[in-house]
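Novice: I am attaching a structure below and will ask some questions about it afterwards.
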Amino acid sequence: MENTNPQGSENLNVSQAASAFLGLMGDDGADKGQPEEIQAAEEVVEESADSDSEPVEEEASEQEHKPRYKAKVGGEEIEVEIDELINGYQRNSDYTKKSQALAEQRKAVEAERVHLEQVKQERQAYAQKLQALDQFLSQQNKGEDLDALKEVDPIGYAVKVAERTEREKQLAIVRAEQQRIANQQQAEHQQNLQRHIASEAEKLSAIIPELSGNKGDEVRKQIREYAKSVGWTDAELGSVYDHRAVVTLYRAMKFEQLQKSKPEINKKVSQAPKMLKSGNSAPPTQSQQDKQVMQRLRQTGKVQDAAKAFERFL
């Protein structure tokens, strides 16, 4: 058998091993072409391995050498990465936008309040002018004796009647305008009162959650009955729009209920069985004492102990 591993070539590479194997097979054509293909495949594998390792090394290098920037947080200077700077800027930008929107809303509400106050003042001034005009027109019709004037000056009488009729028309217009203003003020007052009542109801429910639960009607009834028992009238209760008054009545009612329940609680406590303090053992029973006396008699055999044992059974 031929030696396929000549001296001086003990360590074969992949190409040489493939060539030797093909030589054993006796295929000369394959001996010439196959090693080159295997070597080419090895180069491709090595290049692929190198190319795969390069992104990992680059990514690790990027993580190790990420730039850091100085920033002030709460008056203290710290170093942060670019991602943290971007996130912080986005949060700050969002907060700034929300703060600006809230400020704009507050400005709009304040502007509306000022406008309503101006309208209210103008309306009050207008109502005062209407009142003055009403008084002036009413005074004009007083002190005239049209019957006497009719006898002595028919033409003057006709003029006065026409003037009075015109003043009465003007007076009717003035009083209709006064009524319109009064109705408008009454409607606004009712709206404001409804808003105030709704706001007070929310505050009351926050302090007394029972009022918004299933027992809300029962609690209201109890408060009303208690208020009447201490002197409140139905008219006074019907005009209570301040939640603080209702809270005061509720707490006073609860305190009175607690005071009334104290005697019953004290009675139950006095009737309850006494509890032993921690660390104290229960007193020995009759049978335990008998056993102790008999045990002492067995141990000592004294006449005194026998007498005591005898007394236990009398």
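Novice: Using the structure shown, select from Lys120/Lys203; Lys98/Lys203; Lys107/Lys221; Lys70/Lys97 the pairs with a Cα to Cα distance greater than 32 angstrom.
Specialist: Lys107/Lys221
Novice: What list of ³J(HN,Hα) couplings, whole Hz, do you get for the range 171-186 from phi and the Karplus terms 6.51, -1.76, 1.60, once you set θ to phi - 60° and write x for glycine and proline?
Specialist: 5, 5, 5, 4, 5, 5, 5, 4, 5, 5, 5, 5, 5, 5, 5, 5
Novice: Follow-up question, since we're still on this one. Quick one: pull the percentage of alpha-carbon pairs in the range 209-267 with a separation above 20 Å.
Specialist: Working: 526 of 1711 pairs.
Summing the P(r) of the range 209-267 above 20 Å gives 31 percent of all pairs.
Novice: Using only the alpha carbons of the range 88-162, determine the length spanned along each of the three principal axes and report them from longest to shortest in whole angstroms.
Specialist: Each principal axis gives a Cα extent; for the range 88-162 these are 98, 17, 9 Å.
Novice: Next up: Using the Cα centre of the range 145-185 as origin and beta-carbon charges of +1 (Lys, Arg) and -1 (Asp, Glu), tell me which of Gln179, Ala158, Leu146 is placed farthest towards the positive end of the dipole.
Specialist: Gln179
Novice: Let me ask something else. Loop only by DSSP, 12 or fewer other Cβ within 10 Å of the Cβ. Give me the chymotrypsin sites (Phe, Trp or Tyr not before Pro) in the range 106-169 that pass, ordered by residue number.
Specialist: Counting only loop positions with at most 12 other Cβ atoms within 10 Å, none of the chymotrypsin sites (Phe, Trp or Tyr not before Pro) in the range 106-169 qualifies.
Novice: Are there any trypsin sites (Lys or Arg not before Pro) in the range 79-154 that are in a DSSP loop and have at most 10 other Cβ atoms within 10 Å? List them by number. If you can, show how the numbers build up before the last one.
Specialist: On the way: sites: Arg91, Lys97, Lys98, Arg106, Lys107, Arg113, Lys120, Arg123, Lys129, Lys142, Lys150; in loops: Lys142.
In loop regions of the range 79-154 (DSSP not H, G, I, E or B), the sparsely surrounded trypsin sites (Lys or Arg not before Pro) are Lys142.
Novice: A further question follows. Which whole-number percentage describes the relative contact order of the range 132-254, with Cα contacts under 8 Å and a sequence gap of 6 or more?
Specialist: 20 percent
Since every read-out is calculated from the coordinates, none of them should be taken as a lab result. Please read these numbers as outputs of a predicted model, since none were measured by experiment. Cβ: placed from backbone, ideal geometry, glycine included. Neighbour counts: every protein chain shown.
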